Amino acid sequence: MQNPNRGPMPMPVPPPGAQMPSPEQIAAMQQQLAAEAQKHGMSVQEFVEHIKRQRFEQMQRMQQQQQQQQGQGGQGGQGGPQGPRPQQRPPGPMPGQPQPIQPGPPNPVAIALANFLKSQNLKPRTSIFNGERKEMFKVKRALRALESPAYAKARAKNPALPEIKDRASLENAFKLLPMSMLALRVSKIDPHAGHDHPPKKTKRVKGLWNVKIEPQQEAKDDMYYIWLYEGSQFMRKVYGALALGVVFLIVLYPLWPLVLRQGVYYLSWGFLGLLGLFFLMAIFRVILFCVTYFAVPPGLWLYPNLWEDVSFMDSFRPVWAWHETEKPKKKKKKSKQGATNAEAAAHFAASQGHVAPASAVTTATETEIQTASQQRSYVAPKVEELVDDE
């Protein structure tokens, strides 16, 4: 008869080499387990955890009884030699070994470690996680920061930070971040994976990944983590309060003194005048290019970098430049190809024992001499994309 206090025993695991139960038997055992859990007013998972705790308590009681029996037998014996008893080690990782990651609430030490790492140059990259932009960094850069002299100075100011002695202590210190859910390990994914539609032909932005969280949180050098910790929100609150104050002042414009209202009035007209001059300049530069394109080809641009992706000051540098053309480059390529073909023909004739015929070849050097004095093409600066740091 089953003891109601102890609860039902879990399903026995067949020994190695024994026949595995059939799917019908597994389904029957699962139904029986669900019925027992419902009888005790628990879910299946809670019921299984309850059974595990009971098993663990039983094993502890059995070990205590065995130790007591061994102690009584050693005392009541005939004075035989007693062997050294094995020392019980508390549960947990061995010292000097990396500890497993078990997520939990953030602790002050992990927050201090995250603040230090966010103040270091980890060369973060932007990633997309659940439709939001997150900063992503490589583990090896964080480990280097923890081994740097800057961390030693930070630890001198805050002794609560973990001490770095070897590789195991280094990884254990970094694992404080995922344990406190401040940073988690991610991997790259394809946003169109599993979709029926063909992939869209969009320009890939280097360094911008769609990522997902990995269930196994480790601290290897070539792994990537994203920050879930945003740091102190004090300055963001200050900026929000300032923005709210500016909006409140604008709403109270009718109550401003007359001098301030007149000043804002003249400033607004000055701003509109500058905006109008900017549009007039943009129209004038297009007209100037159209005229010079037919009069003095290839055409003259006023402020050629005006619409380029550059800084504000670089948009007005240089003041003027000739329109960029591709014709000299094509001629140069053709002349180089002709010179290469002539050299190949001469080499082949010499190898066959014949004298190469005389021919006039226009080399690329002559083309460069002719076009160097008349070169008026302008190459606009381009924004290069960074290559992913693998």
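The values are calculated or read from the model by the stated rules, or taken from the named source; none is laboratory data. Given the structure is predicted, the values throughout are model-derived calculations rather than measurements. No Cβ is skipped: glycine too gets one built from the backbone with ideal geometry, and neighbour counts run over all protein chains shown.
Looking at the range 178-190, can you tell me whether even one residue there is in a helix (DSSP H, G or I), modelled with pLDDT of 85 or more, surrounded by 10 or more Cβ atoms within 10 Å (Cβ to Cβ) and assigned by TED's automatic domain parsing to the domain that holds residue 131? Talk me through it step by step, then tell me what you get.
Step one: list which residues in the range 178-190 are in a helix (DSSP H, G or I), which gives 178-179.
Adding the requirement that they be modelled with pLDDT of 85 or more leaves 178-179.
Within this subset, residues satisfying the condition of being surrounded by 10 or more Cβ atoms within 10 Å (Cβ to Cβ) are 178-179.
Remaining after also requiring assigned by TED's automatic domain parsing to the domain that holds residue 131: 178-179.
Looking through the range 178-190, at least one residue is in a helix (DSSP H, G or I), modelled with pLDDT of 85 or more, surrounded by 10 or more Cβ atoms within 10 Å (Cβ to Cβ) and assigned by TED's automatic domain parsing to the domain that holds residue 131.
Mind listing whichever residues of the range 255-302 are closer than 13 Å to residue 323 by Cβ and either touching a Ser or Thr at 6+ places or on another chain (Cβ under 9 Å) or in contact (Cβ under 8 Å) with a residue 12 or more places away in the chain (or both)? Show your work before the answer.
Keep residues of the range 255-302 that are closer than 13 Å to residue 323 by Cβ, which gives 285-286, 288-302.
Passing the criteria: 285, 288, 289, 293, 297, 298, 299, 300, 301, 302.
Among (1) at pLDDT below 70; (2) among the polar types (S, T, N, Q); (3) surrounded by 10 or more Cβ atoms within 10 Å (Cβ to Cβ), where does residue 22 come up short?
(3)
If you take the residues of the range 205-250 that are outside any loop (DSSP other than H, G, I, E, B) and among the hydroxyl-bearing types (Ser, Thr, Tyr), which of them is surrounded by the fewest Cβ atoms within 10 Å (Cβ to Cβ)?
Residues of the range 205-250 that are outside any loop (DSSP other than H, G, I, E, B), as a first pass: 209-213, 224-227, 234-250.
Subset that is among the hydroxyl-bearing types (Ser, Thr, Tyr): 224-225, 239.
Working: 224: 17, 225: 28, 239: 10.
Here the residue is 239.
Would you check if there is a residue in the range 121-136 being crowded, with 16+ Cβ neighbours inside 10 Å, part of a helix (DSSP H, G or I) and modelled with pLDDT of 90 or more?
no
What number of residues in the range 137-177 are closer than 24 Å to residue 230 by Cβ and not in a helix (DSSP H, G or I)?
Let us first name the residues in the range 137-177 that are closer than 24 Å to residue 230 by Cβ, namely 137-146, 148, 150-151, 154-155, 157-158, 160-162, 173-177.
So of that shortlist, the ones also not in a helix (DSSP H, G or I) come out as 137-138, 148, 158, 160-162, 175.
Number satisfying all stated conditions: 8.
Looking at the range 278-299, is at least one residue modelled with pLDDT under 90 and touching a helix residue (DSSP H, G or I) at 6+ places or on another chain (Cβ under 6 Å)?
Yes, that holds for at least one residue.
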